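One structure below.
The values are calculated or read from the model by the stated rules, or taken from the named source; none is laboratory data. Not measured: the values here are computed from a predicted model. Note: ideal-geometry Cβ built from the backbone for every residue, glycine included; neighbour counts use all protein chains shown. The protein model used for the area step is the full one, side chains on, heavy atoms only, and it has no ligands, DNA or RNA in it. Shrake-Rupley method; radii C 1.70, N 1.55, O 1.52, S 1.80 Å.
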Amino acid sequence: MPAKFILGLKCRECGRRYDLKPVHICEYDFGPLEVDYDYEAIAKAVSREIIESRPKNMWRYAEFLPLAGDPIVGRNTGFTPLVRAERLGKELGLKNLWIKNDAVNYPTLSFKDRVVSVALSKAKEFGFDTVACATTGNLGNSVAAQSIRAGLECFIFMPANLEQGKIIGTSVYGVHVVGIGGNYDGVNRLCSEIGNKFGWAFANINMRPYYSEGSKTYGMELCEQLGWKAPDHVIVPMAGGSLICKIKKAVDELHKCGLIDSNHTKIYGAQAAGCAPISTAVKKGWELFKPVKPDTIARSIAIGNPADGFYAIKNITGSGGWSEDVTDEELVEGIKLLARTEGIFTETAGGVTVAVTKKLVEQGRLPAGDTVVISVTGNGLKTIEAVMPAVPKPDVIEAKLSDFEALVEKIKDRSKAAAPAAAGG
Ligand SMILES: *Cc1c(COP(=O)(O)O)cnc(C)c1O
Ligand SMILES: [Zn+2]
């Protein structure tokens, strides 16, 4: 049914059209290809009421997604909570702060479940029998898990030194996992060569135009959850720079189709200082980024040569937003701040986003009364190495009431000792 809304693929540079095929780059200028839709037809076919009447998953926006038929995987993916963050807001000085929480996305606890649901469903439509990806962790988790339900052979290529949660969270599904020396950018280069030779569906390479459309549902949901309103500001972690572009595209498409009244949202990109090609370019006023060699514990967003970096810069500056980066220490503080104020445990990428939001407030970029959405894109249980040294160890006692009573006295002393310091600082 949704197929009738798709016009084909279109080069983002020269506008040339291509048929719906597993291709991602324009033959003439190497521009990236993007799915193009008949927005007039979509506007006639959907309304707020129609979308609201549908099941609470990402496919409630099916008209905006590039499948010819029904999805093959991902029917339970999306429509994650948009959480009002009053306690974090108080701490940061923001009165209207929200967390869009994809740390609880289905089935593998990151926003990548959205893009993979589209990529694997589309790979099935194209008739592939093998899917693969180059991954910084979360993508591999999701391609592996969803390949099982899609009945596809699966190869995952990842830097060999990723966090245990990301490695085990892939290999547990019994798919082929290949660890590669060096960082993600080398893995990605190798995967382009493998893709050409083996003719597989690489979720984030030849399937990229379809994959990336899945990210739009994150942006569409948060607008719907705000009562069909675009937020004033949204802060987004950036790896390849795809998600941030697609959140902007989502707001624009909802606006174009009459589902929201305004698309004024300012878009902010968040990176780790140890891998900040995009935020460096924004801060220096460059149109192009310089590739870097990543050196950060925020592995899930450690891409030194971001495929959509150029467009991320354009979307950020074009929207009137900004980009910042934070150190590994600051991102760990960001993880802990979110945990102790909102009870949400995010991974390193979320720590980056929270810490960047704090920085943006300090720079006066986020007025106190504006609607601000922080993108939490992944789950903290996958990157416990990052916080292990920074969280207190449990008190260990024998199973005796007297031991516990002694501990209670110790805890009282501890908080007495901490109180004056807290009051002073
Ligand atoms: C992949 C990823 C991102 C960013 O993805 P891009 O679309 O490549 O910019 C953000 N957060 C997490 C947790 C991710 O895994
Ligand atoms: Zn082109």
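If you line up the long axis of helix 309-318 against the longest principal axis of the chain, both from Cα atoms, how many degrees apart are they, to the nearest 10? Orientation of helix 309-318: about 80 degrees from the principal axis. For the chain, the longest principal axis of the alpha carbon atoms and the long axis of helix 112-126 meet at an angle near 20°. Annotation: peptides 289-296, 241-248, 63-70, ranked by per-residue average of other Cβ atoms within 10 Å with the highest first, follow the order 241-248, 63-70, 289-296.
Across the chain, Cα-Cα pairs more than 28 Å apart make up 47 percent of the total.
Phi-derived couplings, Karplus 6.51 cos²θ - 1.76 cosθ + 1.60 at θ = phi - 60°, listed residue by residue for segment 206-220: 6, 8, 4, x, 7, 3, 5, 4, x, 5, 4, 5, 4, x, 5 Hz, with x used for Gly and Pro. For K95, a cut-off of 18 angstrom between C-alpha atoms picks up these lysines, skipping any fewer than 8 places away in its own chain: K229, K266, K358, K359. Expressed in units of 2.2 N^0.38 Å, where N is the residue count, the Cα radius of gyration of segment 193-322 is 1.11.
For T77, T317, write out the residues from largest to smallest accessible area, computed with a 1.4 angstrom probe and no ligands counted.
On the way: T77 0, T317 75 Å².
Solvent-accessible surface, decreasing: T317, T77.
Between the amide H of A230 and those of D261, S262, distances stay under 5 Å, these residues lying 5 or more places away or on another chain, with hydrogens modeled in the peptide plane. For the chain, the mean residue ellipticity at 222 nm estimated from helices alone is -12500 deg cm²/dmol, where every DSSP H run of n ≥ 4 contributes -39500 (n - 2.57) and the total is divided by all residues, rounded to the nearest 500.
Over segment 1-90, the pair-distance histogram of Cα-Cα distances with 10 Å bins from zero comes to 15, 33, 29, 17, 6, 0 percent, rounded to whole numbers. May I ask you to give the percent of accessible area on the chain that is carbon plus sulfur, with a probe radius of 1.4 Å? Ligands and nucleic acids excluded, carbon and sulfur reach 54 percent.
The angle between the Cα long axis of helix 242-256 and the longest principal axis of the Cα atoms of the chain comes to about 70 degrees, rounded to the nearest 10.
A simple rule links phi to the HN-Hα coupling: the Karplus curve 6.51 cos²θ - 1.76 cosθ + 1.60 with θ = phi - 60°, which for segment 95-103 gives 8, 9, 9, 9, 10, 8, 9, 7, 5 Hz, with x for Gly and Pro.
Would you please classify the overall shape of segment 45-100 from the alpha carbon gyration tensor, given that a ≥ b ≥ c denote the square roots of the eigenvalues, rounded means a/c under 1.5, and beyond that prolate means a/b larger than b/c while oblate covers the rest? Write down the numbers at each step before the final one.
On the way: a/c = 3.54, a/b = 2.42, b/c = 1.46.
Note, shape of segment 45-100 comes out prolate.
Of L338, L7, the order by accessible heavy-atom surface (1.4 Å probe, DNA, RNA and ligands excluded), from most exposed downward, is L7, L338. Measuring against 23 Å, Cα to Cα, the residue pairs K112/K216; K4/K246; K336/K400; K256/K284 contain K336/K400; K256/K284 as the ones spanning a longer distance. Annotation: amide H of N183 has no partner in the under-5 Å range at sequence separation 5 or more or interchain, hydrogens built in the peptide plane.
Hand me the trypsin sites (Lys or Arg not before Pro) from segment 316-425 located in a DSSP loop with no more than 12 other Cβ atoms within 10 Å, in residue order please. If you can, show how the numbers build up before the last one.
Working: sites: K336, R340, K358, K359, R365, K382, K400, K410, K412, R414, K416; in loops: R365, K400.
Those that pass, being in a loop and sparsely packed, are K400.
Accessible surface ranking for W286, W98, W228, 1.4 angstrom probe, highest first: W286, W98, W228.
W59 exposes around 30 Å² of accessible area when a 1.4 Å probe is run over every protein chain in place. The distance separating the Cα centre of segment 157-207 from that of segment 352-405 comes to 29 Å.
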